[in-house]
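What follows is a single structure, written as structure tokens, with notes after it.
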Amino acid sequence: MSYAVPADLQSRYPQARLAEVSDPTGMAVQDDKLETALADATAEMDGYLGRRYSLPLESGGASIPPVLQRLCCDIAIYRLMALLPKEAVADARRRYDDALAWLEDLVGGRIQLADLAGRELTAGPSVRIAATSAPRVFNDLGDFR
């Protein structure tokens, strides 16, 4: 499941911009292109979040924190805008860099998601394993002792 849906992108960005990045003709918003970009953004975010939280986040009846929805939209729009001329990408790139920096701060423990308290991954107890065996029955030449 994606952290955001096309309607989330549509509530954050102008229709004209979404049509520009999702339709080669720039005439209409193509929801399937938005869904693909959001799924890609979710996968990228999971690469960060999985270092600290059990995935998927929506399991166990937990809801997705709204900040992750916004970050997913920012990453998806950047990925879509990367196909446009360079001048149009600057703001999207800044938002993308901000989203990744925020995720790094989250994973590094400098900030935390209150909505996911208690869902952090925990390191298990350190276990040391040692093995012992009976003396060898054969020597290095294969002869029976």
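Return a yes/no flag: does the stretch 65-83 have any residue that is modelled with pLDDT of 85 or more and exposed (fewer than 15 other Cβ atoms within 10 Å of the Cβ).
Step one: filter the stretch 65-83 for residues modelled with pLDDT of 85 or more, giving 65-81.
Remaining after also requiring exposed (fewer than 15 other Cβ atoms within 10 Å of the Cβ): 66.
Yes, there is a match, as at least one residue in the stretch 65-83 is modelled with pLDDT of 85 or more and exposed (fewer than 15 other Cβ atoms within 10 Å of the Cβ).
Go through (1) surrounded by 15 or more Cβ atoms within 10 Å (Cβ to Cβ); (2) modelled with pLDDT under 90 for residue 9 and report which single condition fails.
Residue 9 satisfies all of (1) surrounded by 15 or more Cβ atoms within 10 Å (Cβ to Cβ); (2) modelled with pLDDT under 90 except (2).
For the structure I just gave you, tell me whether residue 14 is surrounded by fewer than 16 Cβ atoms within 10 Å (Cβ to Cβ) and either at pLDDT 90 or above or hydroxyl-bearing (Ser, Thr, Tyr) (or both). Steps first, please.
On the way: surrounded by fewer than 16 Cβ atoms within 10 Å (Cβ to Cβ): yes; either at pLDDT 90 or above or hydroxyl-bearing (Ser, Thr, Tyr) (or both): yes.
Answer is yes for this residue.
What are the pairs with Cβ atoms under 6 angstrom where one residue, in the stretch 23-43, is surrounded by 19 or more Cβ atoms within 10 Å (Cβ to Cβ) and the other, located anywhere, is not in a helix (DSSP H, G or I)? Sequence gap at least six, or different chains.
Within 6 Å, the pairs are 38/2; 38/4; 42/2; 42/3.
Output yes when any residue across the stretch 118-137 is modelled with pLDDT of 70 or more, of a type outside the set (Gly, Ala, Ser), in contact with a helix residue (DSSP H, G or I) (Cβ under 9 Å, 6 or more places away or on another chain) and surrounded by fewer than 17 Cβ atoms within 10 Å (Cβ to Cβ), and no when none is. Walk me through how you get there before you give the answer.
If we filter the stretch 118-137 for residues that are modelled with pLDDT of 70 or more, which is where we start, we get none.
No: the stretch 118-137 contains no residue that is modelled with pLDDT of 70 or more, of a type outside the set (Gly, Ala, Ser), in contact with a helix residue (DSSP H, G or I) (Cβ under 9 Å, 6 or more places away or on another chain) and surrounded by fewer than 17 Cβ atoms within 10 Å (Cβ to Cβ).
Residues being surrounded by 17 or more Cβ atoms within 10 Å (Cβ to Cβ) and farther than 23 Å from residue 78 by Cα: count how many of those fall in the stretch 44-56. Outline the logic, then answer.
Keep residues of the stretch 44-56 that are surrounded by 17 or more Cβ atoms within 10 Å (Cβ to Cβ), which gives 44-45, 48-49, 52-53.
Of the ones still in play, those that are also farther than 23 Å from residue 78 by Cα are 52-53.
Residues flagged as surrounded by 17 or more Cβ atoms within 10 Å (Cβ to Cβ) and farther than 23 Å from residue 78 by Cα within the stretch 44-56 amount to 2.
The values are calculated or read from the model by the stated rules, or taken from the named source; none is laboratory data. Please read these numbers as outputs of a predicted model, since none were measured by experiment. All Cβ positions, even for glycine, are placed from backbone atoms using ideal geometry, and neighbour counts span all protein chains on display.
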